[in-house]
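**Student:** Quick one: the structure is below, and I'll ask about it shortly.
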Amino acid sequence: MSTQRSTLDGAAESGEPESVGHGSRSPNPRPGVRDLVVRAGGTALVALERLAGGFGTALLALFTLAWLAVSAVTALVGVGLLLAPVGLRLLHSVADRERGRLNRWGPELVGPGPAPTRLRPALTDPTTRRELSWLVRHATVGLFLGLIGVLLPLCAIRDSAFPLYWQLLPDDATSASIGLGVARGWSDVLAVALLGLGWIAIIVGLTPGMARLQAKPGRRLLSVGPDADLSLRIAELTATRAAALDAHATELRRIERSLHDGTQNRLVTVTVLLGAARRMVARDPAGAEELLERAQTSAEQALAELRSVARGILPPVLTDRGLEGALAGLAASCPVPCRIDVEAPERRAASVEATAYFVVAEALTNIAKHSGAEQAGVTVRGGGGRLRLSISDNGRGGADEDGGSGIIGIRRRIAALDGTLTVASPPGGPTTIEVELPCGS
């Protein structure tokens, strides 16, 4: 295991793209209390919104679960056989609604094909069994978490604002939102207000984890399972192949532009200068010497640009120093102080290491250009036939995949290896990119 702290004070290693670092500057000061409060508040608000949305689907799940339970109980007298198809349609509809909700807050869930709504096929259908398992969890644990997510802000607002309206309440009215105590004076009022601040602290500290816990069963059970129809897997691989071809075509266009707009123009300049120097060498040796010097400078610039293009295809630093050394070079040239933590002792396939390198390079470029972050971190872990990357920053958040942030390019490059990408970037930050690459690619 190796942990390195890299800033611009270190020299950049050879082999990283020129777009990652742009000159040098002093590290930004540490974030202030106000920035931390804004970021924590933004994350908590997003979590409350997710919990409230999950509460809505959990109510639907509870109704569907009750319908299915009644169908099962009354099946002995024949009524349940009539109710079961309606319950199965409700089950698939609520599951689709939950998939749509989860897709708005994270990586897209690849849903299964049409599930059966007749009782006999549904009993042996793996998709229906997975959806039913999710229904039970979401109608119980998910409903409880969603209810807390709805009640917490109401309690926080009521108790925090209690000093503003307590004198308007009847003398025997309960003071706190939890139904305890009666305010007899300002000391009791301040105690209720402190309780309101406690609710706010709970919201900031616990609701992000609660939202993840509420969504976890859906992400695990509502996606395509290993026993899904092979046609779905074929469709997924077809989309992956198209994304890989897209990424390849984009890379070829980038290389062509670099060669045409940069290196080719330099070489044309060299040719023109050499021709002019050859004609001047007899009558003006001094002028010819000056032209030759300019031609040499242009040739050196063309050589440097060719090296840059070659590094963009497959950085030689990956071969010379491995993934850890290559990422340390990227961090050293990044304008934002960046911490690198790599624990992947085994070398991976060249395609996997190159993809990991370019993902980190693009992510650090985005952090430097768009995030306003004051620090960043890259963590790499290998094991179990997978390579896992996590790139995070403490910037303003709000990364939009459709807003030209470069995330689409990263996703296509990862899709070419059948990997996965998860982006969490709530308004106010922080932003975290999780990447998982299969090492057998």
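The values are calculated or read from the model by the stated rules, or taken from the named source; none is laboratory data. Please read these numbers as outputs of a predicted model, since none were measured by experiment. Cβ placement follows ideal geometry from the backbone for every residue including glycine, while neighbour counts extend to all protein chains displayed.
Residue by residue, here is whether (1) among the aliphatic types (A, V, I, L, M); (2) surrounded by 18 or more Cβ atoms within 10 Å (Cβ to Cβ); (3) modelled with pLDDT of 85 or more holds:
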site: L147; (1), (2), (3): yes, no, yes
site: D171; (1), (2), (3): no, no, no
site: G181; (1), (2), (3): no, no, no
site: G198; (1), (2), (3): no, no, yes
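**Student:** Scan region 73-122 residue by residue and report those that are at pLDDT 85 or above, more than 30 Å from A415 (Cβ to Cβ) and loosely packed, with under 13 Cβ neighbours inside 10 Å.
**Tutor:** If the condition is that a residue be at pLDDT 85 or above, more than 30 Å from A415 (Cβ to Cβ) and loosely packed, with under 13 Cβ neighbours inside 10 Å, then V73 is the only one that fits.
**Student:** So which of G429, G398, G403 ends up being touching a helix residue (DSSP H, G or I) at 6+ places or on another chain (Cβ under 6 Å), at pLDDT below 80, in a loop (DSSP other than H, G, I, E, B) and closer than 29 Å to R34 by Cβ?
**Tutor:** Exactly one residue qualifies, and that residue is G429.
**Student:** Another question, then. Would you check if A277 is modelled with pLDDT of 80 or more and surrounded by 12 or more Cβ atoms within 10 Å (Cβ to Cβ)?
**Tutor:** For A277, the condition - modelled with pLDDT of 80 or more and surrounded by 12 or more Cβ atoms within 10 Å (Cβ to Cβ) - is met.
**Student:** Sort through A363, A295, A326, A299 and tell me the only one that's under 24 Å from G383 (Cα atoms), part of a helix (DSSP H, G or I), touching a helix residue (DSSP H, G or I) at 6+ places or on another chain (Cβ under 8 Å) and at pLDDT below 85.
**Tutor:** Exactly one of A363, A295, A326, A299 is under 24 Å from G383 (Cα atoms), part of a helix (DSSP H, G or I), touching a helix residue (DSSP H, G or I) at 6+ places or on another chain (Cβ under 8 Å) and at pLDDT below 85, namely A326.
**Student:** Please verify whether region 36-50 includes one or more residues that are modelled with pLDDT of 50 or more, over 23 Å from the mean Cα position of the chain (by Cα) and in a helix (DSSP H, G or I).
**Tutor:** Within region 36-50, not a single residue is modelled with pLDDT of 50 or more, over 23 Å from the mean Cα position of the chain (by Cα) and in a helix (DSSP H, G or I).
**Student:** Please enumerate the residues belonging to region 39-86 that are under 21 Å from R97 (Cα atoms) and among the basic types (K, R).
**Tutor:** R50
**Student:** Would you call V204 part of a helix (DSSP H, G or I) and over 27 Å from the mean Cα position of the chain (by Cα)?
**Tutor:** Here the answer is no, as V204 does not meet what is asked.
**Student:** When only residues in region 337-352 that are free of Cβ contacts under 8 Å to residues at least 60 places away in the same chain and out of contact with any Lys or Arg (no Cβ under 8 Å at 6 or more places or on another chain) count, which is nearest to N394 (Cα to Cα)?
**Tutor:** P345
**Student:** Among G179, G142, which is among the small types (G, A, S) and either assigned to a helix (DSSP H, G or I) or in contact with a Phe, Trp or Tyr (Cβ under 7 Å, 6 or more places away or on another chain) (or both)?
**Tutor:** Testing whether each residue is among the small types (G, A, S) and either assigned to a helix (DSSP H, G or I) or in contact with a Phe, Trp or Tyr (Cβ under 7 Å, 6 or more places away or on another chain) (or both) leaves just G142.
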